[in-house]
Amino acid sequence: MSPSNSPKQNILILMSGSIAGYKVCSLISKLIQNNFNVKVAMSASAQKFVGPATIEGLTGQPVYADTFEAGHAMEHIHLARWADLILVAPATANTINKMSQGVGDDLLSTIFLAHDFEKPFLLAPAMNTKMYMHPATQKSIAELKAMGVEILETASGVLACGEVGYGRLLEPDLMYNEVISRLHAHSSTPTRSPVPNTQKLFKVLITSGGTQEPIDDIRVITNKRTGKTASILADQFINAGFDVTYLCAENAVRPLLTNTVETFVTYKDLDQKLTSLLKNHFDLIIHTAAVSDYSVAQAQTGKIDSSADIIEIKLVKNPKIIDKIKKISPQSKLVGFKLTSQATGSDIQMKINNLFEKAQCDYVVHNDWKQVHTAHHVFNLYSKKEIQKNLSITDLSYALITLSLNKESL
C-alpha cells in the first residue's frame, strides 16, 4: 500500500479486449483507494467490453486510446516515462503475440516498445485455455520473459466461454498484491534490468520417448511412445521459469521452448546418459521415457536374411532404470509414469504400488493406452496418500508445477 504521507506512485494499466476487463475495474478502484495514481490506455477492442466513461470515472483521468489523437501523439513516450509500473491486463493472445514480435500498430504496443525495462512491466494473460496453450502464445510468453517482462500466471476455473481450464485472469486482489510486491522490490533495487526468475533455482530433468533395441544393423525392437506428453510438460515447466534438461529418444517430440536437450537410442545409451546427468543434482525428475524391458542378447552384424520363414531372437531382461534413480540422486523428487493397456483396477494399483516401493517414487502418473490417441486422454496423479483423477495434460502440468513449488508437499 502507498501510505498517504508518501509520494504517490504511478501505475499505468494497458487494457486489451477481453470480457475479463471487469476485473481490472475492481483493481483500478482498489489502487485509487490506496493512494496510487492510475492512468489507463485501452485498445479499440477493450472499449467493446468496458466503456471509457467507466475507466475515467474510476481514475479521474482521461482514457488514452488513440495513438494519433491531436495533441497527444507523443503519449506512448510520455506514459511510459510517467509510470513507476506498467501492467497489461487483460492481456489477450493477440496483444501478447504482437508485443513479443515488436509490432507497434496501436497505442498499447507502441507503449511497450517505448518501455526501457528500468521499471517493472507486468502482463496478466486472459483467454481460453486452448489459446493460452497454443504454441504461438507459449513461445511469445517465453520471449517476453526473456526480455524482462514479468508474467502473472493465469488461474484455473470456469472461463467466460463455458469451458473449464487455465487462462482465467487473476482475481483483482491477487493482481493488486503482485503490483505491490513488484513496486516494493523495485524501490529496494537501485537499477533494474531483466532478472532471472527465482524459480530458476529449481532444476528439472524430464526423460522422453522410447528406446530402440537393435536386432541387426537395420531392424530394431521398440515401442509406440512419441514423447508428446513429455514435450508438453517440458514447455510448461520452462514457461514457468524452471531450468529444464530434456533427455529424449532421437525421434521423440521436442519441446517448443529453449532448453538443454540430450538424446539416447538404446537402453544402454539411456542408462549411461541418465546416470551421468544425475550428478547434476536435480530438484525434480519426471521419468516418462518408455524403457525396453528386454534387449536382444546378440544383435547380428549386417542385415538378417529375410528368406527364412521363422527367425528366433533371444531377449534378455534389463534392470529397471527407474529403480536406480533415487539411489544415485536421493535428494531429487521423482515422478514415475506407468502406461497400462487392458489392465484391471487391481493390476493398476499393484503396478502403482511397485513404483512407490521399489523405485521410491514421490508421485506416479498413470494413463491407459486406449485413451492415448483420443480426445479423452487423461492422467491420474498418485501420491502415497491420495489420487487426482482424470487430469488433462494441462491440469497435470500445473499440478506438477504447483507441487514442485511447494517443497514440503513434495
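Readers should treat all values here as calculations from the given coordinates under stated rules, not as data from a laboratory. Computed from a predicted model, the values in this text were never measured in an experiment. Every residue, glycine among them, receives a Cβ derived from its backbone with ideal geometry; neighbour counts consider all protein chains shown.
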> What nm value, rounded to one decimal, do you get for the distance between residue 307 and residue 358 when each label is placed 7 Å out toward the C-beta?
Replying inline: 4.4 nm
> So if we plug the beta-carbon distance of residue 218 and residue 331 into 1/(1 + (r/R0)^6) with R0 = 60 Å, what FRET efficiency do we get, rounded to 0.05?
Replying inline: 0.90
> HN-Hα J couplings of the stretch 336-350 from phi, Karplus 6.51/-1.76/1.60, θ = phi - 60°, integer Hz, Gly and Pro as x?
Replying inline: x, 10, 10, 9, 10, 9, 6, 8, 7, x, 5, 5, 4, 5, 5
> Where does helix 267-277 land angle-wise versus the long Cα axis of the chain, in degrees 0 to 90, nearest 10?
Replying inline: 40 degrees
> By DSSP, what percent of the beta bridges with both residues in the chain are antiparallel, rounded to the nearest 5?
Replying inline: 25 percent
>> Starting from 0.36 nm per residue, how many nanometres of slack lie between residue 272 and residue 77 once their C-alpha separation is accounted for?
In response: 64.6 nm
> Which value in nm describes the separation of the simple spin-label points at residue 383 and residue 118, placed 7 Å from the Cα toward the beta carbon?
Replying inline: 4.6 nm
> Which angle between 0 and 90 degrees, to the nearest 10, do you get for helix 21-33 versus the longest principal axis of the chain when only C-alpha atoms count?
Replying inline: 50 degrees
> Expressed as an acute angle from 0 to 90° and rounded to the nearest 10, what is the orientation of the C-alpha long axis of helix 172-187 relative to the principal long axis of the chain?
Replying inline: 80 degrees
> Based on Cβ point charges of +1 for Lys and Arg and -1 for Asp and Glu, what charge dipole magnitude is obtained for the chain about its Cα centre, in debye rounded to the nearest 20?
Replying inline: 840 debye
>> I'd like the distance between the alpha-carbon centres of the stretch 256-297 and the stretch 74-138, rounded to an integer number of Å.
In response: 38 Å
> Where Lys and Arg each count +1 and Asp and Glu each count -1, what net charge lies around residue 215 among other residues with Cβ under 12 Å from its Cβ?
Replying inline: -1
>> At 222 nm, what value in deg cm²/dmol follows for the chain if DSSP H runs of at least 4 each add -39500 (n - 2.57) and the sum is divided by all its residues, to the nearest 500?
In response: -10000 deg cm²/dmol
>> If neighbour count is taken as other Cβ atoms inside 10 Å, put 96, 348 in order from fewest to most.
In response: 348, 96
